[in-house]
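*Asks:* So that we are looking at the same thing, I have put the structure below in structure tokens.
The values are calculated or read from the model by the stated rules, or taken from the named source; none is laboratory data. None of these values were measured; they are calculated from a predicted model. So basically every Cβ, Gly included, is an ideal-geometry build from the backbone, and we count neighbours across all protein chains shown. Surface areas here come from the heavy atoms of the whole protein model, side chains and all, with no ligands, DNA or RNA. Shrake-Rupley method; radii C 1.70, N 1.55, O 1.52, S 1.80 Å.
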Amino acid sequence: MISTARYWFYIGLIVLVYIIGMFVTLFENDSAQFAVMAMRMVQENDFLSLFKGPEEYLDKPHMHYWLAALSYKIFGIHDWAYRIPGILSTLLGAYSCYGLGKLLYNKDVGRFASLIFMTAQTMVLANIDVRTDAVLTGFTIFSIWQLAKYIEQNTLKSIALGAFGAGMAFSTKGQIALVVIGISILCHLTYTRKWQQLLNWKVLVAILVFGATIAPMLYAYYHQFDLHPEKVIRGKDNRSGIFFIFWEQSFERMSGEGVGKNSSDFFFFFHTFLWVFLPWTVLALIGYWTKVRTFWEAKFAYRPNLEFLTVGGISILFLLISFAQFKLPHYMNILMPLYAILSAAFLYMLHQKEKLRMAKVILGIQYFILGLVAVFTVLVSFYVFKFERWYSYLFLLTALALVTCFILKKEAPYTKIVSVAIFSSVLLNGLMNVHFYPKLLEYQGGSTMAEQVKQNNIPVDSIYKISEKYSWSLDFYNRKPVQISSLSEIAEKNDVWVYATDKELKQLEKKGIVWDNQITVDQFRITRLQIKFLNPDTREEKLNKMHLVHLN
């Protein structure tokens with residue numbers, strides 16, 4: 001459906017967007033927090049213990065932080081170095097989407113699946129605001145692909161690689177990886193009825209490989225927690241790290257115990273999906289409904305030209321996570337590869353069965369999405385954060401002209417659906433990475449203050465704060481966590497700097513503490529955008545201030 005040259009051209013455009021995003025300032029909270037946690041591993045030469053500020057960290061396993069720490073060791077402590085493991089994992093995920101799509105369908109479906117996966121909005125964001133999910137998603141779909149390949153081809157290499165991928169995913173975020181892998185593979189086994197593949201000596205090899213892969217993570221948990229029952233974590237002592245990761249972790253997420261409850265809305269992930277899978281949402285929804293209807297009409301009888309891995313895995317897993325009491329949009333990332341393959345298969349079916357009318361309807365929706373992206377691009381460039389240099393406008397107009405030329409080119413609707421969607425993603429996220437995020441991050445107090453620290457040659461060892469409120473971006477770009485002190489202790493110190501909010505400055509004044517120098521920067525919670533902030537006329541009223549004051 002698309003040529004090899006065009007396929008690699010699209011891959012190149014998407015990777016270019018990823019690379020540009022590597023150099024964007026880290027976002028608070030999670031991205032900057034995790035970067036600091038990995039940084040401390042390197043600086044303190046302690047790769048067995050995880051700390052979130054002054055507190056010992058039990059919530060997630062070690063693999064994401066180890067990979068980031070390894071990248072720091074190779075390239076130095078930089079924001080772009082922190083993002084490298086996530087981007088490489090996403091590329092592994094894209095290759096695995098291609099492999100699984102090809103295994104279940106054909107090469108064209110595999111190609112479409114990789115493109116859809118890489119341009120789904122939540123996956124692009126996962127490589128800018130890097131958390132554990134990029135590594136988790138990449139190794140999870142890699143494991144599913146290799147285990148499905150073992151079921152179909154009975155190769156030792158495939159089941160060993162599948163077990164390794166499962167071990168890496170489990171060592172990144174815990175039980176959710178095994179749940180997704182297990183349910184997807186069980187759906188495939190149930191439909192193909194190839195249960196005999198479980199009664200094979202190669203399964204023992206897979207168990208050994210999985211055990212060896214997770215052993216370092218288990219040892220780290222054992223070293224930090226099991227050996228120290230006196231430690232109090234989340235109000236409890238006698239916490240076993242091994243028991244936590246094998247049993248307690250996911251149940252805490254499902255019930256909200258320990259981490260708290262943030263949503264009891266059963267439909268949270270449904271309306272979240274409407275934006276996280278853009279620009280492919282409509283294709284995925286119609287493809288899912290079509291696939292379910294096909295199985296229903298066939299009464300789930302086995303047909304060689306059908307597969308149940310994707311639709312079965314999505315249905316069960318989507319239902320399962322909807323019951324969780326703690327929900328965040330990026331929790332859906334692990335399902336994106338399955339959605340990508342399902343959508344790619346539906347797109348190929350449109351082409352194969354020449355469903356021209358439906359293809360034109362979907363293409364019309366894709367044009368509408370591209371139109372919204374174009375309007376958003378112009379709005380951002382000319383109003384929200386105006387371009388400051390004339391060549392920026394020239395670059396934008398050139399990009400819009402190139403997109404228009406490609407879109408006006410006469411092609412089959414099936415091919416054009418792919419082109420329009422990819423250009424929507426590239427145009428949107430290219431602008432975000434080049435212009436929107438850098439301007440937005442000027443209002444992130446911690447990273448902006450770190451620039452002031454550097455410009456004024458302020459010794460980072462002399463910076464304190466009087467609250468335990470996070471300062472992750474300041475910590476990272478200073479290459480040192482800000483030291484926490486009390487008001488009474490601060491009052492006894494001389495020639496130090498205090499990082500404080502407006503309220504904390506008043507506390508210093510009330511204590512009789514004076515300062516002879518003050519640096520002030522704007523502060524806004526950039527991951528929670530508001531219309532009033534995006535509007536330049538009302539932005540000022542939504543801003544807070546962060547201060548760095550020198551006590552003489």
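*Asks:* Among Ser447, Phe385, Ile74, pick out the residue whose Cα is farthest towards the positive end of the charge dipole of the chain, where Lys and Arg carry +1 and Asp and Glu carry -1 on C-beta, about the Cα centre.
*Replies:* My answer, from the dipole projection, is Phe385.
*Asks:* Restricting to DSSP H runs of at least four residues, report the calculated mean residue ellipticity at 222 nm for the chain, -39500 (n - 2.57) per run over all residues, nearest 500 deg cm²/dmol.
*Replies:* Only helices count here, giving -19500 deg cm²/dmol.
*Asks:* Calculate the FRET efficiency for Gln530 and Leu156 from the Cβ-Cβ distance with a Förster distance of 35 Å, rounded to the nearest 0.05. The partial results should precede the final answer.
*Replies:* On the way: r = 55 Å, r/R0 = 1.57.
My answer for the efficiency is 0.05.
*Asks:* Follow-up question, since we're still on this one. Step through the table entries Lys386/Lys542; Lys52/Lys236; Lys231/Lys480; Lys173/Lys327, compare each Cα-Cα distance with 22 Å, and write down the pairs that go over it. The partial results should precede the final answer.
*Replies:* Details: Lys386/Lys542 19 Å; Lys52/Lys236 17 Å; Lys231/Lys480 25 Å; Lys173/Lys327 15 Å.
Result: Lys231/Lys480 exceed 22 Å.
*Asks:* So, one more: Just to be sure I understand the model, the point goes 7 Å from the Cα along the line to the Cβ. What's the resulting Gln483 to Asn457 distance in nm?
*Replies:* 2.1 nm
*Asks:* Taking 8 Å as the Cα distance limit and 6 or more residues as the minimum spacing, I'd like the relative contact order of the chain as a percentage.
*Replies:* That works out to 16 percent.
*Asks:* In whole Å, largest first, what are the principal axis extents of the Cα atoms in the chain?
*Replies:* 79, 61, 43
*Asks:* By how many degrees, 0 to 90 and rounded to 10, does the Cα axis of helix 30-44 deviate from the longest principal axis of the chain?
*Replies:* That helix lies at roughly 70 degrees to the long axis.
*Asks:* Stretch Ser322-Asn29 to full length: gain in nm at 0.36 nm per residue minus the Cα-Cα span?
*Replies:* Between Ser322 and Asn29, full extension yields an extra 103.1 nm.
*Asks:* Still on this structure, please answer the following. On the full set of protein chains, 1.4 Å probe, figure out the accessible area of Leu363 and give it in Å² to the nearest 10.
*Replies:* About 20 Å², rounded to the nearest 10.
*Asks:* Turning to a different aspect of this structure: May I ask which residue of Leu487, Tyr499, Phe476 lies farthest towards the positive end of the charge dipole of the stretch 454-516, with charges of +1 (Lys, Arg) and -1 (Asp, Glu) on Cβ and the Cα centre as origin?
*Replies:* In the stretch 454-516, that residue is Phe476.
*Asks:* Okay, next question. With only Lys, Arg, Asp and Glu charged, each at its Cβ (+1 for the first two, -1 for the last two), find how big the charge dipole of the stretch 3-119 is about the Cα centre; round to the nearest 20 debye.
*Replies:* Its charge dipole is roughly 680 debye.
*Asks:* At 0.36 nm per residue, and after removing the present C-alpha to C-alpha distance, how many nm does the segment from Asp46 to Met358 gain when stretched out fully?
*Replies:* 106.6 nm
*Asks:* Compare Phe368, Phe269 by solvent-accessible area with a 1.4 Å probe and give them largest first, with all protein chains kept in place.
*Replies:* Order by accessible area, largest first: Phe368, Phe269.
*Asks:* Of Asn127, Gln146, Pro229, whose Cα points farthest to the positive end of the dipole of the stretch 118-245 (charges on the beta-carbon: +1 Lys, Arg; -1 Asp, Glu; origin at the Cα centre)?
*Replies:* Gln146
*Asks:* Let me check something: with ligands and nucleic acids excluded, how do Ile77, Ile422, Ile484 order by accessible area (1.4 Å probe), largest to smallest?
*Replies:* Ile484, Ile77, Ile422
*Asks:* Here's something else I'd like to know. For Lys532, what accessible area in Å² do you get when you roll a 1.4 Å probe over the heavy atoms of the protein chains, rounding to the nearest 10?
*Replies:* Rounded to the nearest 10, that gives 100 Å².
*Asks:* Then there's this: Let me cross-check Lys60: its accessible surface, 1.4 Å probe, with only protein heavy atoms counted, in Å² to the nearest 10?
*Replies:* Counting only protein heavy atoms, Lys60 exposes about 20 Å² to solvent.
*Asks:* While we're on this one: Does anything in the stretch 396-419 have its amide N under 20 Å from the 7 Å Cα→Cβ label point of Trp8, and if so which residues?
*Replies:* So the set is 419.
*Asks:* If you don't mind, another one. What aspartates and glutamates could a cross-link reach from Lys194, if we take a straight Cα to Cα line under 14 Å and drop same-chain neighbours fewer than 8 places away?
*Replies:* Glu152, Glu307
*Asks:* Just how large is the dipole of the chain about the Cα centre, in debye to the nearest 20, putting +1 at every Lys and Arg Cβ and -1 at every Asp and Glu Cβ? Working shown, then result.
*Replies:* On the way: 53 positive and 40 negative charges, 451 e Å.
Dipole magnitude for the chain comes out near 2160 debye.
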